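Here the structure is laid out as structure tokens; the discussion comes afterwards.
The values are calculated or read from the model by the stated rules, or taken from the named source; none is laboratory data. The shown structure was predicted, so the numbers you read here are calculated from the model rather than taken from an experiment. No Cβ is skipped: glycine too gets one built from the backbone with ideal geometry, and neighbour counts run over all protein chains shown. Please note that ligands, DNA and RNA were not included when accessible areas were found on the heavy atoms of the full protein model with its side chains. Shrake-Rupley method; radii C 1.70, N 1.55, O 1.52, S 1.80 Å.
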Amino acid sequence: VLRFPFSPRPVPTSPIQEFLHSLHARLRELSEGNVADYIPELAHADPDQFGICIATHDGFVYEVGDSRQPFTIQSISKPLTYGLALEEAGEAAVLAKIGVEPSGDVFNAISLRPQTGAPLNPLINAGAITACGLVPGDTVALKSSRILATYSRFAGRTLDIDERVYASESGTGHRNRAIGWMLRNFSILDGDPTPALETYFKQCAIRVTCRDLALMGATLANGGVNPITKERCLESKFVPRVLAVMMMEGFYDESGAWAYKAGLPAKTGVGGGIVAVVPGKMAIVGFSPPVNEAGNSVRATKAINYIIDSLDLDIFGSTR
Ligand code: GLU
């Protein structure tokens, strides 16, 4: 008989890990929402996939379910490329082309200011395509490798592009092309909009997991420095700017309702991912492909809301 100190000791389980397990088990049963299929390749996603991950500003990670399942980042890319554009082109140049007003519109609305043609903000497609135009490089290859390197730094590992999803969106994204040519018409984009558009399609097809997104969000929560690799990913002065646009427009046309209820900057994507950032503390990520009418993952929204409520993370909550 082995006695102490040789007898096996129970592995300590974190209360957060247990909390995530029971939340995951409960919400897995939900069957609302549908897998997005307007990009044909996305329709192949498994509707049962469901992962949750929390990463803290000091590098602790808690995950459950399909938290290592890769999926395409889609619109969650938009705030990251906006940050890159702010750094590379400078704030004045970016503000001259992309506004910071809420749109209240669906993600692929045209939403250009009637007088100037400037997109209302960087998280609607028009603003995101413009941000791709502001990323340095004349070619799609140069721009997208710059973007991929930046996102990889945020995630703390080398990411790649899902070429099938890219080809699928590039082959069907006529509405986004129309937006690109509108931007060209108003001289928001200079020259042929194709490099900005194809770069946008590529960035949307970057493959991530819940864990990657949680580390990306935790990097924002940590002032732009990845909490594990300690690499700077975004100048600290731009982090509050990026979080502000996420607060205002991160949930498409449900952004007001999200801000009202959750009180945190967040960004969703039609691939089923959602990242919410608790400034100075952590990021909370949910992933599950079935999305509601607005394009927001149903399970992920509920999971993140529940975590925010339970841990009292709403940034306006300190006034209670
Ligand atoms: N690539 C998608 C599009 O522009 C992104 C949509 C999204 O996640 O909202 O249609």
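Taking first residues from the stretch 106-126 that are without any contact (Cβ under 8 Å) to a residue 40 or more places away in the chain and partners that are within 11 Å of the ligand (Cβ to nearest atom) and in a loop (DSSP other than H, G, I, E, B), the Cβ contacts under 6 Å between residues at least 6 apart in sequence or on separate chains come to SER111/ILE124.
Of the residues that make up the stretch 163-171, is at least one part of a loop (DSSP other than H, G, I, E, B) and within 19 Å of the chain's Cα centre (by Cα)? No: the stretch 163-171 contains no residue that is part of a loop (DSSP other than H, G, I, E, B) and within 19 Å of the chain's Cα centre (by Cα). Step by step: first the residues of the stretch 301-320, then only those that are more than 25 Å from VAL225 (Cα to Cα) and not hydroxyl-bearing (Ser, Thr, Tyr), then the one that is modelled with the lowest pLDDT. Which residue is that? Among them, the one singled out is ARG320.
Taking helices (runs of 4 or more DSSP H) as the structural unit, those lying wholly within the stretch 11-117 and holding at least 3 residues that are away from the ligand (no atom under 16 Å from the Cβ) and closer than 22 Å to GLY272 by Cα correspond to 15-27.
Among the residues of the stretch 195-206, are any assigned to a helix (DSSP H, G or I), more than 23 Å from THR139 (Cβ to Cβ) and open to solvent by 20 Å² or more (accessible area, probe 1.4 Å)?
First, the residues of the stretch 195-206 that are assigned to a helix (DSSP H, G or I): 195-204.
Now restrict to residues that are more than 23 Å from THR139 (Cβ to Cβ): none.
No, the stretch 195-206 has no match at all.
Examine the stretch 272-285 for a residue that is open to solvent by 10 Å² or more (accessible area, probe 1.4 Å), part of a loop (DSSP other than H, G, I, E, B), touching a strand residue (DSSP E or B) at 6+ places or on another chain (Cβ under 9 Å) and under 24 Å from TYR62 (Cα atoms), and state whether such a residue exists. Scanning the stretch 272-285 turns up at least one residue that is open to solvent by 10 Å² or more (accessible area, probe 1.4 Å), part of a loop (DSSP other than H, G, I, E, B), touching a strand residue (DSSP E or B) at 6+ places or on another chain (Cβ under 9 Å) and under 24 Å from TYR62 (Cα atoms).
So that you can scan it fast, the table gives a plain yes or no per residue for (1) open to solvent by less than 10 Å² (accessible area, probe 1.4 Å); (2) more than 27 Å from PRO290 (Cβ to Cβ):
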residue	(1), (2)
HIS57	no, yes
SER77	yes, no
GLU87	no, yes
PHE107	no, no
THR116	no, yes
ASN125	yes, no
ALA131	yes, yes
THR139	no, yes
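If the condition is being touching a residue at least 12 places away in the same chain (Cβ under 8 Å), away from the ligand (no atom under 16 Å from the Cβ) and either open to solvent by 40 Å² or more (accessible area, probe 1.4 Å) or not in a helix (DSSP H, G or I) (or both), then the stretch 249-271 contributes GLY256, LYS261, GLY263, LEU264, PRO265.
Residue pairs whose Cβ atoms lie under 7 Å apart, separated by 6 or more positions or on different chains, with the first residue in the stretch 171-182 and under 17 Å from ALA131 (Cβ atoms) and within 11 Å of the ligand (Cβ to nearest atom) and the second open to solvent by 50 Å² or more (accessible area, probe 1.4 Å) and modelled with pLDDT under 95, are ILE179/ILE110. How many residues does the stretch 170-202 hold that are in contact with a strand residue (DSSP E or B) (Cβ under 9 Å, 6 or more places away or on another chain) and within 20 Å of ILE110 (Cβ to Cβ)? The total comes to 5. For MET246, the conditions (1) modelled with pLDDT of 95 or more; (2) more than 15 Å from the ligand (Cβ to nearest atom); (3) not in a strand (DSSP E or B) are fulfilled apart from (2).
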